[in-house]
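Presented below is the structure to which this report refers.
The values are calculated or read from the model by the stated rules, or taken from the named source; none is laboratory data. All figures in this text were calculated on a predicted structure; none of them were measured in a lab. No Cβ is skipped: glycine too gets one built from the backbone with ideal geometry, and neighbour counts run over all protein chains shown.
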């Protein structure tokens, strides 16, 4: 773990924390930082939040046994069908930080859930809208409707296995899940409910049997690099990787100076990676930080906000 504290002339402070994902996931990391803050305030830690380190809770019990499922989340993601490797490596990426209001979120949920009254989560709907907006931005001028694309999410599986893993488990209990591979033209032309349904399907399959099968799959791998490279890419690609920090209790991170004004990733250097976070102001809005090819950023913003406004024209509200 590495920590950097920076003080500014105005009296503000920033705290940067880097920690190995092989050791902890986001939930564990936030619990650690919040416990650290509580101790810094001179308070004691309640026994109910003391960490559990038992790695056997997520140990494969069937090593050398063939997994029950074809774990496509570990397969290489789609690549560009019209770009050379040299082109993708030399493309410059840029990061944009956007705010989406509670009212805008409700508009999207109403569109995605439709007349059938589906109960898709806020995260599923936001992810679906992001996927459509990014595909539109990448599609403009390319006319490449048949470009394959998929979306990756992270799922906290503490409550998805039996017996459930304690919330205070200090380790990595997050698993990747991916949507079926789609084409740009389907994501762009079909309604929001289509992309949201693909994301909901991917998250919904993360149940006890699938998670245990994933553990078996990992246990049987001799080269862990094959697992790592299926998720992270430093170059622009046709896919999207959406990470939720929506449930992180960042308002508890008070070291004695008050609640933080902002909490977010210190750096996003993977093309197509997105973080969805709570806003520091408790008004129901969310903050989205996204890394894309620099030439796609403006088009992405246009579609991201433009499509929300077109869901329900002002005259119909």
Lone qualifier among 169, 146 - being crowded, with 18+ Cβ neighbours inside 10 Å and touching a residue at least 24 places away in the same chain (Cβ under 8 Å): 169
Flag if residue 67 is part of a loop (DSSP other than H, G, I, E, B), surrounded by 18 or more Cβ atoms within 10 Å (Cβ to Cβ) and at pLDDT 90 or above: no
Determine the pairs where a residue that is exposed (fewer than 14 other Cβ atoms within 10 Å of the Cβ), located within the range 204-229, has a partner that is at pLDDT below 85 and outside any loop (DSSP other than H, G, I, E, B) with Cβ atoms under 8 Å apart, the partner being 6 or more residues away or on another chain. 221/227
For the range 257-271, name all the residues that are buried (at least 18 other Cβ atoms within 10 Å of the Cβ) and either out of contact with any helix residue (DSSP H, G or I) (no Cβ under 7 Å at 6 or more places or on another chain) or in a strand (DSSP E or B) (or both). 268, 271
I'd like the full set of residues that are part of a loop (DSSP other than H, G, I, E, B) and more than 26 Å from residue 246 (Cβ to Cβ), limited to the range 140-162. 140, 141, 142, 143, 144, 145, 146, 147
If you scan the range 232-252, which residues turn out to be surrounded by 15 or more Cβ atoms within 10 Å (Cβ to Cβ), assigned to a loop (DSSP other than H, G, I, E, B) and modelled with pLDDT under 90? 233, 235, 236, 237, 248
Of the listed residues (150, 158, 212, 138), the one being out of contact with any strand residue (DSSP E or B) (no Cβ under 6 Å at 6 or more places or on another chain) and at pLDDT 95 or above is 158
